[in-house]
Amino acid sequence: MAHDPLEEFQKRRLNTLDNARGEAVKKRHDRGGRTARENLNDLVDGSPVNEFGQYAVAAQRSRKEFAELQRQTAADGVITAIGPVNGSQFQTTAAQTALIINDYTVLAGTQGYFHHRKIDRLLGVAGQQQLPIIMYTEGGGGRPGDTDVLISGGGLNVPTFHRWCALTGKVPRIAVNHGFCFAGNAALFGAADIRIATQGSYIGMAGPAMIEGGGLGSFKPTDIGPSTVHSKNGVIDIIVENEARATALAKQVLAYSQGPTTHFDYEDQASLRNALPLNRRMAYDPLKILERIFDRQSFVALRSNYGRSIVTGLARINGIPFAVLANDCRHLGGAIDSDGASKAADLYRLAERWKLPVVSFVDTPGFMVGPDSEAVGAPRYMSEMFTAGATLTQPIVSIFLRRGYGLGAMAMTGGSFEIPIYAASWPTGEFGPMGLEGAVRLGYKQELANLPEGPKRDAYFEELLAELYERGKATEAASFLEIDNVIDPADTRSVISTALRH
């Protein structure tokens, strides 16, 4: 009896889809996750994709029946495809994205022979066609059970990791993770430009078996690299509650690299005139100010729980995308510590890779100093801000909200006040080589010491402080051309927008 090739093809194709894998899909859903194909469909809003290697199975035909491999190892545990992400916002060329989605329902998302070959193929195509990449990294690392492939030595001639990292600065690369992500999967996650993870993520450079095999103890998978740890140490850029939210954020973040948008809204800007407390020593929430300036719901913060004296993120003004750098005076008074400096330097590097301008909102007394700061490597990490700023070819716009003191303020503007294409201050701006209070204590140490402790010395200190403030206020700095202008806070959006359109 003759076989119908089309019928055979349709049956074979069905074996790769969720409808034919009911038990695996149910198990995934019962654990609160989504299938790889559900994530794919969400990424492209149901649009057609060109899939690569859809009919691959694990390289274990010498161990298992082929029909069993089709059922249990669909696509060898990873979907690789090209399709439109944010297709409703951008033209087809800008929307085309390379998609790599590890499938934990297949052999725990482990990386097998054909699995790696599929990823390598798509990375090659992405590099040739200059396509951005979104990769879902869940999985247990290398797979030892692929017996069809005879490999001598350690089996380490795997190009995937080099190819992924070699695309740094050539195409945007976003990693998304939910669940367990160990060994090689973690290496891919950690090397991405932007790393998004769910609260249910556990990410480690080795899983329990490898740790125990190395004589380092016995651990449960949930003991290794929980998201609560990695959100504080800077590994995770964005932490979310579930895969649906992670996918939505991946699409929003990718859009910043895809170009301007035409539809936007923003809050009344007149309220910015009263955004800062009248007392210059009082702290405030910079996010409330930034979100008022930016297009509504356009700001995505990065590493919110790490280096907290610095705010970094992505945003838009009048649809124009840019990278955001700001000080947060609620932490260390806005002084830039080693973690904050490292976070800021990474923001400069991301802006360079994704060809985004930087808008910097400055309010800092400078770098964090003292023996404790030096003990954690301050000269190295703080100097990275200058190095990253000096290698940045994208334009910087600097807005001084309040304090612009010392080397820290210079680092916030790319390394020097002369670097920004436009540097403007609110009327509340104040400038100097160091914080005013410190400058008075250091510069007038003898005079203050000559007065007895108490009201008289305090009054003299405040008098000197007021004199320095008058000399360092924004209009004086502008008169000496240290900055380009002093602006009405309500004009901040228009100032930035005009500068970025040049």
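Consider region 14-40. How many of its residues are over 31 Å from the mean Cα position of the chain (by Cα) and buried (at least 16 other Cβ atoms within 10 Å of the Cβ)?
Number of matching residues: 5.
Could you tell me how many of the residues in region 248-282 are under 30 Å from residue 90 (Cα atoms), in a loop (DSSP other than H, G, I, E, B) and of a type in the set (D, E, K, R)? Full working, then the answer.
Let us first name the residues in region 248-282 that are under 30 Å from residue 90 (Cα atoms), namely 248-269.
The next check asks that each one be in a loop (DSSP other than H, G, I, E, B); those that pass are 259-269.
Retained after the next criterion (residues that are of a type in the set (D, E, K, R)): 265, 267-268.
The qualifying residues number 3.
So which residues in region 194-224 are polar (S, T, N, Q) and touching a residue at least 12 places away in the same chain (Cβ under 8 Å)?
Here is the first cut: in region 194-224, the residues polar (S, T, N, Q) are 198-199, 201, 218, 222.
Within region 194-224, 198, 199, 201, 222 meet the criteria.
Pairs needed: first member in region 279-293, within 26 Å of residue 466 (Cβ to Cβ) and in the same structural domain as residue 489 (by TED's automatic domain parsing); second member anywhere, basic (Lys, Arg) and at pLDDT 95 or above; C-beta distance under 7 Å; at least 6 residues apart or different chains.
Here the result reads 280/402; 283/330, each pair linking region 279-293 to a residue that is basic (Lys, Arg) and at pLDDT 95 or above.
What do you reckon, is residue 191 more than 20 Å from residue 100 (Cβ to Cβ), free of Cβ contacts under 8 Å to residues at least 40 places away in the same chain and of a type in the set (Gly, Ala, Ser)?
no
Going by what's in this entry, would residue 121 be described as assigned to a helix (DSSP H, G or I), more than 25 Å from the chain's Cα centre (by Cα), assigned by TED's automatic domain parsing to the domain that holds residue 181 and more than 13 Å from residue 58 (Cα to Cα)?
So residue 121 passes the test.
Go through (1) touching a residue at least 24 places away in the same chain (Cβ under 8 Å); (2) under 21 Å from residue 313 (Cα atoms); (3) within 25 Å of the chain's Cα centre (by Cα); (4) surrounded by 14 or more Cβ atoms within 10 Å (Cβ to Cβ) one by one and return the number of the condition residue 229 breaks.
Exception for residue 229: condition (1).
Can you tell me how many residues in region 267-277 are in contact with a helix residue (DSSP H, G or I) (Cβ under 7 Å, 6 or more places away or on another chain) and either within 30 Å of residue 195 (Cα to Cα) or hydrophobic (A, V, I, L, M, F, W, C) (or both)?
Within region 267-277, residues that are in contact with a helix residue (DSSP H, G or I) (Cβ under 7 Å, 6 or more places away or on another chain) and either within 30 Å of residue 195 (Cα to Cα) or hydrophobic (A, V, I, L, M, F, W, C) (or both) number 4.
Does at least one position in region 431-439 carry a residue that is modelled with pLDDT of 90 or more and either buried (at least 17 other Cβ atoms within 10 Å of the Cβ) or small (Gly, Ala, Ser) (or both)? Give the derivation first.
Filtering region 431-439 for residues modelled with pLDDT of 90 or more gives 431.
Checking the rest, the ones that are also either buried (at least 17 other Cβ atoms within 10 Å of the Cβ) or small (Gly, Ala, Ser) (or both) come to 431.
Yes; the residues of region 431-439 include at least one that is modelled with pLDDT of 90 or more and either buried (at least 17 other Cβ atoms within 10 Å of the Cβ) or small (Gly, Ala, Ser) (or both).
Mind listing whichever residues of region 40-68 are touching a helix residue (DSSP H, G or I) at 6+ places or on another chain (Cβ under 7 Å), closer than 20 Å to residue 116 by Cα and touching a residue at least 60 places away in the same chain (Cβ under 8 Å)?
Across region 40-68, the qualifying residues are 52, 53, 56, 58, 59, 60, 61.
Please go through region 61-93 and pick out each residue that is over 23 Å from residue 181 (Cα atoms) and either modelled with pLDDT under 85 or not assigned by TED's automatic domain parsing to the domain that holds residue 135 (or both).
61, 62, 63, 64, 65, 66, 67, 68, 69, 70, 71, listed by residue number.
Residues checked against (1) in contact with a Ser or Thr (Cβ under 8 Å, 6 or more places away or on another chain); (2) assigned to a helix (DSSP H, G or I):
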position: 62; (1), (2): yes, no
position: 67; (1), (2): no, yes
position: 76; (1), (2): no, yes
position: 82; (1), (2): yes, no
position: 87; (1), (2): yes, no
position: 100; (1), (2): yes, no
position: 115; (1), (2): no, yes
position: 135; (1), (2): no, no
position: 163; (1), (2): no, yes
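With a cut-off of at least 1 residues that are closer than 28 Å to residue 501 by Cα, name the helices (runs of 4 or more DSSP H) lying wholly within region 345-438.
On the way: elements: 371-375, 378-390, 406-412.
Counting at least 1 such residues, we get 378-390, 406-412.
List every residue pair whose Cβ atoms lie under 7 Å apart, where the two residues are 6 or more positions apart in sequence or sit on different chains, the first residue falls within region 157-182 and is within 14 Å of residue 133 (Cα to Cα), and the second residue, located anywhere, is hydrophobic (A, V, I, L, M, F, W, C) and part of a loop (DSSP other than H, G, I, E, B).
The qualifying pairs are 164/191; 165/191; 171/131; 173/167; 173/192; 174/192; 175/192.
Across region 265-283, what is the number of residues that are modelled with pLDDT of 95 or more and touching a strand residue (DSSP E or B) at 6+ places or on another chain (Cβ under 9 Å)?
Residues in region 265-283 being modelled with pLDDT of 95 or more and touching a strand residue (DSSP E or B) at 6+ places or on another chain (Cβ under 9 Å): 3 in total.
The values are calculated or read from the model by the stated rules, or taken from the named source; none is laboratory data. On a predicted model such as this, the values are computed, not experimentally measured, just so you know. Don't worry about glycine lacking a Cβ; one is built from the backbone with ideal geometry, like all the others, and counts go over all protein chains shown.
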